[in-house]
Each structure stands twice: as structure tokens, then as C-alpha cells.
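Input: a single structure, listed below in C-alpha cells.
The values are calculated or read from the model by the stated rules, or taken from the named source; none is laboratory data. Keep in mind it's a predicted model, so treat the numbers as computed, not measured. Neighbour counts run over all protein chains shown; Cβ positions are idealised from the backbone, glycine included.
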Amino acid sequence: MEGFDEDWFVGVSVSKGALFLPLQKLLTNYLLTVGFVLFLTTIAVFKLSKYIVSPVERLVAATSDFATGKAVTPLNEKTYQEIDRLNQTFTAMTKKLAQRERGHKKSTLIIETTDNGVIAVNKKTMKITTFNRTCEKLFHLPRYEVVNRTVNEVMQKSDNFKQFVLSSRVLEFVGEEKNKKFELQCSFHQNIYHFFISISSLPSIESEEIHDEMLIVINDLTEKRQMERELVRSEKLKVVGQMAAGLAHEIRNPLAIIRGFIQLFGKEEEVKKNHYDLIIKEIDRVNYFITDLLNLSNPKSSEELKKTKINSLLEDMLILQKSQLKMKGIDIEKEFEELPTVLIDPGKLQQVFINIIQNAVEAIEEDGVVTIKTKHLALENKIAISILDTGCGMNTTTIEKLGTPFYSTKQTGTGLGLATSFRIIEEMNGTIVVSSEEGRGSKFVITLSY
């Protein structure tokens, strides 16, 4: 046989299945071993990845929550060294940032709730970066119309803001770094305001050596100055009242005697009766003047407190003044709100109304308007009575001296009418606020508590 040296051979027959059976068992065992090892490796990789990735995911989630302003609990889990260090650094950072944020919120809250106006202006761009709530009320401007706009743009939007900037000359201090403090008087819509202004430079956030903003703090002293004027006026009234009381008693006694004798002479000499009547009339006029002096010195005398409807009292007073108003061609405009009753002396209060209306009538030459308004200030438990006229108005000097006894711009005036009115309202624990502009008229606002 080809391939064999011998002519004989031995043949062994084995089935194919028996031949490949060991090989199949080996392959099966190999596959099972590899599969088991692969399964264990997969589980180990999953566990390891979870061990590595989960702390990172929690750190990312905590970072995202902190960025959106949510509260973040400290990450104190014990993991591997690198993540532990990251967690500690992140926790320390969030604590510092939260502390800084609380400080920033507190500073913002202080700025927003303070009674002082606060304005910050960028020196380079002249844009306003801070405009607090007090400034919104003072200048009647919403913040969104002011912030990130230049000073000149805001001046065009508000006459009050324009008047403030021009009067304070704050733009002249842009290039200076020294603090400036001064008092200022401004006129907003016929009302006089007194401010104490503080101007300083704000250091940059990046560097304290660079001062890139100007800080303007506005302290409204208007009420304080008004109280000071009222106090001075009150002291003057008390002094003059004491003097007037003594003077009135000294004059009234001899006048009474003179009047009595002249009445006796008048009965005896009928021919000279007209002269006697004229003398008695003049004596009575002096007596009325003395009565005003006594009212000034002690307006509480013969006080009769009654529950009074202010609107009805005003209506009655206008009926008394109707003929005088009609003669001068003066129209009356009324804007009355529903008011609660007030426990006061109606006679004294009507005297105040008459004095103020009389001044308004005398201030109007002809064809004017007197407007009377009442308003219920429910939140303050007060009522306000406003009397406005279209007369000649008053200058600042006259307003400051208003209510001073014997000061009057009228030739025949004594100044006692308004002086008595101020004293009466003061005794009623109320206030009289006067605003006026020459050529445009005056406004008296009486405020009473109930």
C-alpha cells in the first residue's frame, strides 16, 4: 500500500462522536469557566464603577442644587481618598458661599428697609447701579426704569430727580474720592424738602484701591425741620400769649370803665349820640382785638368738646361765607370723603376754618377758586382737611413766618388769626402744614387724630 513499507496493516475503527467527546468536554469546561469569570468580572466592574461614580454623581447633584439656590446637606460620606477630599472642599466652599450670601442678603435688606435713600452711580458710564425703595417713593420712579440707565436719562423721566441732581450738584463730585456731607433744600411740586446728603466713593469688588462707583445717601430731614419750626413757633406763641394775656387784662379794665361812662353821657346828650356810638364801636373793635389776644394766650378757655362731623361743620362755615365769596366771584369746589366723628370743640375748629378761608379770599383778587377736600386716613386713625386757593401765593420767607403773632403781609392785618389757628390745632394734637408758590396759590392741610 502506498505510504506504508509493509504489505500488511492493522485497522482500528472509532466513532466520530467518541473521538470528539473529550474535545467537546474541554471546550464546554472552558466556556463555562470563561463565562463564570466574565460574569464575576462584570459584577466586579459594576460594583467598582458604582463605588467610583456614585460619589461623583452625588457631588454633581449637590453642586447643581447649590447653584439653583437649594439647601445642600454636607457630604460627609466615607469613600476613597480623592472623593473625600473633594467632598470636604465642596462642603467648606458651600458654607463660605452661604455665609457670604446671607451677608449679602442682610446688606440688601438693610439698604431696602432704611429710611435713607441710597443711590450708587458708576463713575465711568454714569449709569445708576443701586436705587433703593426709599428713592422709588421720593422720586416717584420704579427701580426697573432707573437701574442700568444713565443719570441724564433718569433726569428726563423725573422732574423731582432732575431738581435733586441740579440742586445738589452731585455730578461735580464724580472725579473726587473724598467724602462730602452737606444739607440741601429742594422744591418738589411746590413742596419744600430738606435733605442731608452724604457722598462717598465705593471701592471696586476686584480691588479696594480702585474706586469705580459713587455712593449717594439721602437723609430726609423735612419732617424734622417742620417739627423744629413748629416748636419754635409754639415757643413764640407761648411767650407772646403770656405777654398778650397781661396786656389784654391791663387794657380791658380801663376800656370797660370808659365805655360805661360814654354810655351814660350818650343818654344825657342825644345830639352827640352819633359820636358816642362811633366811639363805642371803636372801643368794641379794640375789645375784639383783646379777645383775640386772650384766645392766643389760652385757646383752651371755655372749651366744649362734642362729637363733631367735620363735613357738616365745613358746610355750615361755607354758608356763612357764601355772600362774601359770591361778591368776589370766587367759586367753591368740594371733595368730601366719608369721615368718622371727632371729639373736638366745633366752635374752635370752625374759627380755624374761617381764618384760613378768609386768608384765601383775601389772597384772590377776583374770579378765583377755593377747593376744600377731606380725606380719611384710616390706617393712621387721622383725618385731613385740605384748603387750596388760586390766589397770589407766598414766598418761602412768608411761609416760615406764618403763624407768628403780629406778622402779616396785609396792611390792616395783625397776624393773630393764623397764630390763633396754629395754637388751636396744636392744642387739639393736630398739625397744619402749609405749602405755597408765588403766583399759583397756597395749600393748608390740617390733620387731626380721632
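With respect to (1) touching an Asp or Glu at 6+ places or on another chain (Cβ under 8 Å); (2) part of a strand (DSSP E or B), the lone exception for residue 334 is condition (1). Filtering the stretch 353-389 to residues that are buried (at least 19 other Cβ atoms within 10 Å of the Cβ) and among the β-branched types (Val, Ile, Thr) leaves 356, 357, 364, 370, 372, 383, 385, 387. Only a single criterion out of (1) within 30 Å of residue 436 (Cα to Cα); (2) in contact (Cβ under 8 Å) with a residue 24 or more places away in the chain is not satisfied by residue 173, namely (1).
Among all positions in the stretch 70-83, there is no residue which is in a helix (DSSP H, G or I) and in contact with a His (Cβ under 7 Å, 6 or more places away or on another chain). In the condition set (1) buried (at least 16 other Cβ atoms within 10 Å of the Cβ); (2) not assigned by TED's automatic domain parsing to the domain that holds residue 215, residue 81 is compliant with all but (1). Only one of these conditions is not met by residue 196: (1) in contact with a helix residue (DSSP H, G or I) (Cβ under 6 Å, 6 or more places away or on another chain); (2) at pLDDT 85 or above. Which number is it? Every condition holds for residue 196 apart from (1).
Looking at the stretch 326-339, can you tell me whether even one residue there is at negative phi, surrounded by 12 or more Cβ atoms within 10 Å (Cβ to Cβ) and touching a Gly at 6+ places or on another chain (Cβ under 6 Å)? Within the stretch 326-339, one or more residues are at negative phi, surrounded by 12 or more Cβ atoms within 10 Å (Cβ to Cβ) and touching a Gly at 6+ places or on another chain (Cβ under 6 Å). Just one of 124, 96 is at pLDDT 75 or above, in the same structural domain as residue 173 (by TED's automatic domain parsing) and either closer than 26 Å to residue 216 by Cβ or of a type outside the set (S, T, N, Q) (or both); which is it? Result: 124 is the single residue among 124, 96 that is at pLDDT 75 or above, in the same structural domain as residue 173 (by TED's automatic domain parsing) and either closer than 26 Å to residue 216 by Cβ or of a type outside the set (S, T, N, Q) (or both).
Remark: pairs (first residue in the stretch 351-363, on the phi < 0 side of the Ramachandran plot; second residue of a type in the set (Asp, Glu); Cβ separation under 9 Å; 6+ apart in sequence or on different chains) = 357/389; 359/389; 360/389; 361/389; 363/389.
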